[in-house]
Amino acid sequence: MANPIFCTFVTSHYLFMGNKKTKIKASVPAPIKVISEPKSKNELIYLLPLLVFSFFIFSSALKCDFVNWDDDRNVYENPLVVEPNLKAIFSQNVIGNYNPLSILSFGIEHHFYGMNASNMHLVNILLHLVCIFLFSKYLEHSNYSSGSH
């Protein structure tokens, strides 16, 4: 994302730049400056392999079924997943944890795919990749990526 656009414009008597006001002659033309960072192709050099590697690492889950650790109460025996109710999802704990976005995600997945572990694992892997992408964008636009940490 480029830096914000900074414009300099002239009214009949004043030049405005941000919050500063300077008196000038009215005959001065209105220069417009657009300041932006060039898009770096280096972003993809680092991000794409990370996304591919992450998908590869987690792809073995696509062959797996549900686990008997907590998938029963979180997913396939959970009435909030089988028959989603937004008010209940966002107001109830499941196994003592408040995790409405996970339960909502499971409910949406169940609606479209039924109780299919492979499809649910695929959606969760894709959500993980989205998180990696968003975090990389955050780092790219934060002070951390500019070396001033």
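The values are calculated or read from the model by the stated rules, or taken from the named source; none is laboratory data. On a predicted model such as this, the values are computed, not experimentally measured, just so you know. Every residue, glycine among them, receives a Cβ derived from its backbone with ideal geometry; neighbour counts consider all protein chains shown. Only protein heavy atoms, including side chains, enter the accessible area calculation; ligands, DNA and RNA are left aside. Shrake-Rupley method; radii C 1.70, N 1.55, O 1.52, S 1.80 Å.
For segment 72-116, the Kirkwood radius over C-alpha pairs fed into Stokes-Einstein at 10 °C and 1.306 mPa s yields D = 157 µm² per second. The calculated FRET efficiency for TYR76 paired with GLU140, based on their beta-carbon distance and R0 = 41 Å, is about 0.60.
From largest accessible area down, sort SER60, SER142; use a 1.4 Å probe on the protein chains. Can you show the working numbers first?
Numbers: SER60 70, SER142 20 Å².
The ranking, largest first, comes out as SER60, SER142.
If you plug the beta carbon distance of SER59 and LEU86 into 1/(1 + (r/R0)^6) with R0 = 35 Å, you get a FRET efficiency near 0.65.
Would you work out what percent of the accessible area of segment 39-149, with all protein chains in place, is carbon or sulfur (probe 1.4 Å)?
On the way: 5120 of 7990 Å².
Roughly 64 percent, rounded to a whole number.
Modelled label positions at PHE66 and ILE45, each set 7 Å beyond Cα in the direction of Cβ, lie 4.6 nm from each other.
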